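For reference, the structure discussed in these notes is given below.
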Amino acid sequence: MKIAGVELGGTKCLCVLSQDGAIVEHARVDTTDPATTMAGIEAALDRWRGCDAIGIASFGPVGIDPAAANYGHITATTKPGWANTDVAGRLRRRYGVPAGFHTDVVGAGLAEGEWGAAKGLADHAYVTIGTGIGVGLIAGGKPVVGMTHQELGHVRPVRLAGDDWPGICSFHGDCAEGLASGPAIKARAGVSADQIAEHSPIWPQVAHPIAQLCHTLVLTGVPRRIVFGGGVSLGVAWLLPMVRRMLDTSLGDYGDRSLIGNLDDYIVPAALGAEAGPLGAILLGQHAFERRSFTAS
């Protein structure tokens, strides 16, 4: 079986071809305007004709309800020119094969569950901290969906005592993304995260909203593990240990803490790195193929 995967990111798209479970081709396309970017994706997929399905893991917000008119579209994004862009439908029509579609964080979360830091767990959360903050919840090996996908990067955390910095989110100011994303850290500190010393007072101000986000995730009752990816999470060695300590304090003695166990094993870095997104897109394509095969039978 041949499946093409597309991780559509805010700055670049990674396209991969899987044949019988092994990645055999790669291509990179810069994310510019929709027409140019989609043409570049199609140029890669044209070389791989004969695929059984396509999976797309995209930046968002996106339409994920197959019954809705905007399924497979990037919807109310702030990325210039991309709002209301049809991605999955365009590729499905061009190639005549099933097209699976979801957020990039869900794609990465699926891949970490299949091959990475959450392997063997049916239920987990994937959190990326980089240009933004995104969360994908996986339960029973499948994305958790309702009206739409999660936007938990925009929850408003309890603020760290004495920290009244307003945040940078254009919608919510001091939501988790507005306080702890890569651009938020740079706006607060004046330099990027990789240039800030370990003992800077900036780090508790960053770790606290992330720990509050984890507190929220724990109380959903879903994740048996929280896996962190993204440049900030994976590039700052002392951040996750600080988040674990703050989460421990925040939760206190509430609930059955034995369900979480050792926080060193509960909050962990991603294992697949940059491969998580495209591998997750492959899984989305595989799921789309399986759904069509099941319907046909």
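A helix-only calculation puts the chain at -11000 deg cm²/dmol for mean residue ellipticity at 222 nm, using -39500 (n - 2.57) for each DSSP H run of at least four residues, averaged over all residues.
In this label model, Ala43 and Ser170 are separated by 2.9 nm, measuring between points 7 Å along each Cα→Cβ vector. The label-point distance for Asn70 and Asn84, in a model that sets each label 7 Å from Cα toward Cβ, rounds to 1.0 nm. So which of Lys119/Lys186; Lys79/Lys186; Lys12/Lys186; Lys2/Lys79; Lys2/Lys142 end up more than 23 Å apart by C-alpha? Checking Cα-Cα distances, Lys119/Lys186; Lys2/Lys79 exceed 23 Å.
Carbon and sulfur atoms: what percent of the 1.4 Å accessible area of the chain do they account for? The value for the chain is 53 percent carbon and sulfur by accessible area.
For the chain, the dipole from Cβ point charges (+1 on Lys and Arg, -1 on Asp and Glu) about the Cα centre works out to 520 debye, to the nearest 20. Whole angstrom only: what separates the Cα centroid of segment 129-158 from the Cα centroid of segment 24-70? Using only Cα atoms, the two centres lie 22 Å from each other. Taking every alpha-carbon pair under 8 Å whose residues sit at least 6 apart, segment 41-81 reaches a relative contact order of 28 percent.
For the residues Lys142, Lys12, a 1.4 Å probe over the protein chains yields an accessible-area ranking, largest first, of Lys142, Lys12.
Taking the convex hull of the alpha carbon positions in segment 1-160 and averaging its projected area over all directions gives 10.3 nm². For segment 1-115, relative contact order (Cα pairs under 8 Å, six or more residues apart, normalised by length) works out to 24 percent.
Can you tell me what percent of all Cα-Cα pairs in segment 197-297 are more than 20 Å apart?
Result for the distance tail: 50 percent.
Pairs of Cα atoms nearer than 8 Å and 6+ residues apart set the relative contact order; for the chain it is 22 percent. Sequence-ordered 3J(HN,Hα) estimates for segment 220-228 from the Karplus curve with 6.51, -1.76 and 1.60 and θ = phi - 60° stand at 6, x, 9, x, 8, 7, 10, 9, 10 Hz, glycine and proline given as x. Shape analysis of the chain yields a ratio of the Cα radius of gyration to the Kirkwood radius, Rg/Rh, of 0.98. Extension gain for Ile23-Ser258 works out to 80.7 nm (0.36 nm per residue, less the C-alpha to C-alpha distance). Restricting attention to the chain, close to 60% of DSSP beta bridges with both partner residues there are antiparallel. In this structure segment 78-213 gives 43 Å² per residue of accessible area when probed at 1.4 Å with all protein chains present.
Sorted on the mean count of surrounding Cβ atoms within 10 Å across their residues, most packed first, peptides 131-139, 236-244, 211-219, 79-87 read 131-139, 211-219, 236-244, 79-87.
The values are calculated or read from the model by the stated rules, or taken from the named source; none is laboratory data. Every value quoted in this text rests on a predicted model; they were computed, and no experiment measured them. Using ideal geometry, Cβ is built from the backbone for each residue, glycine included, and neighbour counts are taken over all protein chains shown. With ligands, DNA and RNA removed, areas are computed over all heavy atoms of the protein, side chains included. Shrake-Rupley method; radii C 1.70, N 1.55, O 1.52, S 1.80 Å.
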